Amino acid sequence: MSEQAIETDVVIVGAGPCGLFAIFELGLLDLKCHVIDILDKPGGQCAELYPEKPIYDIPALPIVTGQELTDRLLEQAAPFSPQYHYNQMVTTLNKLPDETFELETDGGMKFHCKVVVIAAGGGSFQPKKPPMPGIEDYEGTSVFYSVKKMDDFRGKDILIVGGGDSALDWVINLEPLANSMTLLHRRDDFRAAP
């Protein structure tokens with residue numbers, strides 16, 4: 001074990017809804033947590049992909065946005081003083097002879113803990129960018145991989161590429177704001193739920 005390793009009871013990999021709720025549950029057991037996430041903020045896909053989109057399948061909350069859910073979970077976890085480490089991806093996880101764990105991140109951070117909770121959802125979120133030369137010149141101005149604020153698309157001509165649940169959800173949610181809406185998908189059938 002490295003001398004620079006951060007000592008804690010638990011390291012949670014992933015600061016999405018499950019990781020944030022784990023802080024609360026572990027805090028009730030008086031376990032101190034450090035949370036590592038590849039994104040630059042908490043909330044995982046809820047905050048990154050649909051901060052303003054309504055979510056209907058959260059227990060006890062008939063309707064909540066991704067950002068509101070994130071904010072509520074952060075508030076619930078706050079009394080347990082978790083430590084957050086953003087823009088970090090876990091690169092190694094080793095079990096030590098004393099049955100504890102050591103984790104390292106791509107940012108050079110090291111952690112030593114008794115328990116590791118993997119709350120990574122679908123894994124580290126990184127958009128699948130089309131293999132088009134020069135597309136990076138348009139990113140953030142006319143090419144977007146997620147919707148942060150729906151109002152940014154008001155009055156725009158929108159093309160959504162995809163056939164999964166998220167693509168169809170965004171068509172439904174952005175259509176009332178758009179000047180025009182086009183959905184482009186490579187197959188005849190959609191992968192989204194009926």
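The values are calculated or read from the model by the stated rules, or taken from the named source; none is laboratory data. Computed from a predicted structure; not experimentally measured. Neighbour counts are summed over all protein chains in view; Cβ atoms, including those assigned to glycine, are modelled from backbone coordinates with ideal geometry. Accessible surface areas use protein heavy atoms only, side chains included; no ligands, DNA or RNA. Shrake-Rupley method; radii C 1.70, N 1.55, O 1.52, S 1.80 Å.
Annotations
- Number of residues in segment 22-48 that are assigned to a helix (DSSP H, G or I), open to solvent by 60 Å² or more (accessible area, probe 1.4 Å) and under 20 Å from LYS114 (Cβ atoms) equals 2.
- GLY108 being without any contact (Cβ under 8 Å) to a residue 12 or more places away in the chain and open to solvent by 40 Å² or more (accessible area, probe 1.4 Å): yes
- Verdict on PRO97 being open to solvent by 90 Å² or more (accessible area, probe 1.4 Å), not in a loop (DSSP other than H, G, I, E, B) and not basic (Lys, Arg): no
- Screening the candidates PRO17, PRO51 for the property of being surrounded by fewer than 23 Cβ atoms within 10 Å (Cβ to Cβ) and either within 17 Å of ILE118 (Cβ to Cβ) or more than 8 Å from the chain's Cα centre (by Cα) (or both) yields one hit, PRO51.
- Single unsatisfied condition, LEU49 versus (1) closer than 25 Å to SER166 by Cβ; (2) of a type outside the set (Phe, Trp, Tyr); (3) modelled with pLDDT of 90 or more: (3)
- Yes/no for GLU139 being charged (D, E, K, R) and either within 30 Å of ILE23 (Cβ to Cβ) or open to solvent by 90 Å² or more (accessible area, probe 1.4 Å) (or both): no
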